[in-house]
Amino acid sequence: MRIITGSARGCRLKTPKGAEVTRPTADRVKESLFNILGNMVVGRKVLDIFAGTGNLGLEALSRGAQSAVFVDKATAKLIEENLRLTRLAEKARVCSCDVFAELARQGAGSAEFSLIFCDPPYHKGLWQQALRQIDQSEGLLAENGILVVEHGADENDVPELKRLLLVHNRRYGHTTQISFFQWRSYVDAEEEDA
């Protein structure tokens, strides 16, 4: 696993021993995801939950994101190592804590992340739980924010959402799909201005 482009281009990331701890995003899926995002990554405040190796947040920082917060209780030390390897540590903070507790804490303030990556273990209902919590949060996702969720190709049960809207979905083979969400009010306003 490596950083594809930007300031840390080509840097190989450390991965944990044993596949039970993380399931890193494949390079081809990551490349497609960042091709979809394009220049929208530049200058954004990133929140990477269920961060694993830090792969997605590190790629965003390498491509010009302003800052990143990584949340993963099991792999916090690994993320810190990868931040040192990529020389991106000064732009980041790592939280070794429960993802849902951190979402509640960040959402109670005015963090307003403009790009959130959510890549939990598949088939455990975690992405749906995170999606519902972000949908109900006032201060977590910025008005023009983008929420990117990686989930299993057979996990199609998007929970009922009041404020978030699924704006794009891409499937990768028989294992993975990526869904992009934005605030319904933001999407409606953009369509009115078009």
Considering every residue within segment 89-104, establish whether at least one is touching a residue at least 60 places away in the same chain (Cβ under 8 Å), over 18 Å from Leu56 (Cα atoms) and of a type in the set (A, V, I, L, M).
no
Segment 100-134, subset under 21 Å from Met40 (Cβ atoms) and either surrounded by fewer than 17 Cβ atoms within 10 Å (Cβ to Cβ) or of a type in the set (D, E, K, R) (or both), residue modelled with the highest pLDDT
Asp119
Do we have Val94 as surrounded by fewer than 20 Cβ atoms within 10 Å (Cβ to Cβ) and not charged (D, E, K, R) here?
no
So Asp157 fits all but one of (1) acidic (Asp, Glu); (2) farther than 19 Å from Ala130 by Cα; (3) part of a loop (DSSP other than H, G, I, E, B); what number is the exception?
(2)
Count - residues of segment 172-184 that are closer than 19 Å to Ile116 by Cα and free of Cβ contacts under 8 Å to residues at least 24 places away in the same chain:
1
In segment 158-194, anything buried (at least 17 other Cβ atoms within 10 Å of the Cβ) and touching a strand residue (DSSP E or B) at 6+ places or on another chain (Cβ under 6 Å) is listed as Leu164, Gln177, Ile178, Ser179, Phe180, Phe181, Gln182, Tyr186
Looking across segment 59-83 at residues that are farther than 16 Å from Pro16 by Cα and out of contact with any strand residue (DSSP E or B) (no Cβ under 8 Å at 6 or more places or on another chain), the single one that is surrounded by the fewest Cβ atoms within 10 Å (Cβ to Cβ) is Gly64
Given the conditions (1) closer than 24 Å to Ala68 by Cβ; (2) of a type in the set (Asp, Glu); (3) surrounded by 14 or more Cβ atoms within 10 Å (Cβ to Cβ), which single one is not true for Glu155?
(1)
Where the second residue is β-branched (Val, Ile, Thr) and surrounded by 16 or more Cβ atoms within 10 Å (Cβ to Cβ) and the first is touching a residue at least 60 places away in the same chain (Cβ under 8 Å) and lies in segment 127-143, which pairs have Cβ atoms under 6 Å and are six or more apart or on separate chains?
Leu140/Ile134
Consider segment 88-142. How many of its residues are charged (D, E, K, R) and touching a Gly at 6+ places or on another chain (Cβ under 9 Å)?
3
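The values are calculated or read from the model by the stated rules, or taken from the named source; none is laboratory data. Computed from a predicted model, the values in this text were never measured in an experiment. Cβ atoms come from the backbone with ideal geometry, glycine included; neighbour counts cover every protein chain shown.
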